[in-house]
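In what follows, a single structure is set out as structure tokens and then discussed.
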């Protein structure tokens, strides 16, 4: 068996090796080599099945709260995202978007991507009818206000409303990706785990987010020209799946 490498092995081969005398007996001359071979195969298969980024296999996507539409554009230009279709939307109406948003919208439309304006992420049902998506994306949700609403941070209300509304637009095994600043303040504002439970999702999974991975992405807040990317150093993407 000296010719075998982990690239040659199928699941059936691995099961056979695990049951072999050489694998189970520490005194066998091939024992250590087979133990290493099997271990490395499982590590490789795990990495293949569970990538350390959520930005793959995106399928049919809906992006909400896009602002200048630069993240939607960066996804279409980024290799290996697995985007098969896209609807990009902004909260702003068409006559209120920036020049940059208009430029990015033109680029997206040339690629056959639908761009919608005046879409409230908390009330998708007002504008979207009968559409389902593999992935729904909301980058840096922020209402632009710190005034409490119903006794909570308004971003707390925003995330819960979005998750509730978006649930109806997910395909089976679909997912939602929400990126926020990674800090105790924002964790307290959004209360991500509690929001997932409230809206009927499983415990969310988190990934580190690096904006430098997305060429041309320039985040801007909804109500001003500030950017979370300029004012903070660490970011996190939360992945939600329905229970």
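The values are calculated or read from the model by the stated rules, or taken from the named source; none is laboratory data. The shown structure was predicted, so the numbers you read here are calculated from the model rather than taken from an experiment. Note: ideal-geometry Cβ built from the backbone for every residue, glycine included; neighbour counts use all protein chains shown.
Considering only region 83-99, state which residues are part of a loop (DSSP other than H, G, I, E, B) and without any contact (Cβ under 8 Å) to a residue 24 or more places away in the chain. Steps first, please.
At the first step, the residues of region 83-99 found to be part of a loop (DSSP other than H, G, I, E, B) are 90-98.
Within region 83-99, 95, 96 qualify.
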### Query
Is one or more of the residues making up region 220-242 under 29 Å from residue 103 (Cβ atoms), at pLDDT 95 or above and either touching a strand residue (DSSP E or B) at 6+ places or on another chain (Cβ under 8 Å) or not assigned by TED's automatic domain parsing to the domain that holds residue 72 (or both)?
yes
### Message
Filter region 83-95 down to the residues that are surrounded by 14 or more Cβ atoms within 10 Å (Cβ to Cβ) and at pLDDT 90 or above and list them by number.
### Response
83, 85, 86, 87, 88, 89, 90, 91
### Selection from region 100-133 of residues that are free of Cβ contacts under 8 Å to residues at least 24 places away in the same chain and farther than 26 Å from residue 155 by Cβ
102, 103, 106, 109, 110, 112, 129, 130
### Query
What's the number of the condition residue 102 fails, among (1) under 18 Å from residue 139 (Cβ atoms); (2) outside any loop (DSSP other than H, G, I, E, B)?
(1)
### Query
Taking region 64-74 as the region of interest, how many residues are modelled with pLDDT of 95 or more and closer than 21 Å to residue 171 by Cα?
2
### Query
For region 23-63, which residues satisfy the criterion of being under 16 Å from residue 239 (Cβ atoms) and at pLDDT 80 or above?
52, 53, 54, 55, 56, 57, 58, 59, 61, 62, 63
#### Entry: Residue list for region 157-185, filter: surrounded by 21 or more Cβ atoms within 10 Å (Cβ to Cβ), assigned to a helix (DSSP H, G or I) and touching a helix residue (DSSP H, G or I) at 6+ places or on another chain (Cβ under 8 Å)
159, 163, 166
